[in-house]
1. Return the pair list, or none, for Cβ contacts closer than 9 Å from residues in the stretch 6-19 that are assigned by TED's automatic domain parsing to the domain that holds P43 to residues that are surrounded by 11 or more Cβ atoms within 10 Å (Cβ to Cβ) and among the hydroxyl-bearing types (S, T, Y), at least 6 apart or on different chains.
2. G81 - would you say it is more than 27 Å from G48 (Cα to Cα) and at pLDDT below 85?
3. Please work out which residue is surrounded by the most Cβ atoms within 10 Å (Cβ to Cβ), limiting yourself to the stretch 1-43 and to residues that are out of contact with any Phe, Trp or Tyr (no Cβ under 9 Å at 6 or more places or on another chain) and of a type in the set (D, E, K, R).
4. On the given criteria, is D98 of a type in the set (D, E) and under 19 Å from S2 (Cβ atoms)?
5. Considering only the stretch 1-58, how many residues are touching a Ser or Thr at 6+ places or on another chain (Cβ under 6 Å) and either part of a loop (DSSP other than H, G, I, E, B) or of a type in the set (S, T, N, Q) (or both)?
6. Restricting to the stretch 85-99, and then to whatever is modelled with pLDDT of 70 or more and outside any loop (DSSP other than H, G, I, E, B), can you tell me which residue is nearest to P47 (Cα to Cα)?
7. Considering A118, A69, A112, which residue is among the small types (G, A, S), assigned to a helix (DSSP H, G or I) and under 27 Å from V4 (Cβ atoms)?
Amino acid sequence: MSLVARHLEAAGIATVIIGSAQDIVETAGVPRFVFVDYPLGNPCGKPGDTAEQQAIIEASLELLTAAIAPRMTMRMPLEWGSEGWRENFMHVGPDNIDELREAGRRRMEKQAAVRAAAAG
C-alpha cells in the first residue's frame with residue numbers, strides 16, 4: 001500500500017495510510033500515516049468497536065487536510081487492552097502447535113474447495 005500511496009501522490013491524489021507496522025510504513029516514505037499500535041490485521045480498530053473505528057477514520061481525514069509537511073505520522077492514543085498481546089501475538093509453541101496445524105489444514109481445505117468450485 002505504501003508504494004501505491006506514493007504513486008497516487010505523484011499523480012496529485014492525496015493519500016493517508018492507516019497501519020500498525022510503523023517501522024515498515026515510515027521506511028517506505030508515505031506522505032501521511034496514521035499509526036495504530038494494535039496487532040497486525042487490526043489497523044482500523046478492534047473488531048466490533050465502531051466508535052473506535054470511526055475515531056480512527058476521522059483522525060485520518062483530519063491528517064489528510066491538516067498535514068503541514070511530508071512524511072507526517074499521527075499516532076493514535078489507543079490501547080488494545082493488555083500489553084500481553086505483544087508477547088502472545090503470532091505465538092507458536094508446543095502448547096498450541098497442534099491446534100494451529102489443524103486450523104491450517106482446515107483453511108487449506110476451504111481454499112481448495114473454493115478453487116474447485118471456481119474451476120468447475
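The values are calculated or read from the model by the stated rules, or taken from the named source; none is laboratory data. Just so it is clear, the model here is predicted, and its values are computed rather than measured. Note that we place each Cβ from the backbone using ideal geometry, even for glycine, and neighbour counts take in every protein chain shown.
1. Partner pairs satisfying both residue conditions: R6/T15; L8/T15; E9/T15; V16/S60; I17/S2; I17/S60; I18/S60; G19/S2.
2. It is false that G81 is more than 27 Å from G48 (Cα to Cα) and at pLDDT below 85.
3. Among those that are out of contact with any Phe, Trp or Tyr (no Cβ under 9 Å at 6 or more places or on another chain) and of a type in the set (D, E, K, R), it is R32.
4. When the stated conditions are applied, D98 does not pass them.
5. 6
6. Only one residue tops the list, namely E87.
7. Working: A69 fails: assigned to a helix (DSSP H, G or I); A112 fails: under 27 Å from V4 (Cβ atoms).
Selected residue: A118, the only one of A118, A69, A112 that is among the small types (G, A, S), assigned to a helix (DSSP H, G or I) and under 27 Å from V4 (Cβ atoms).
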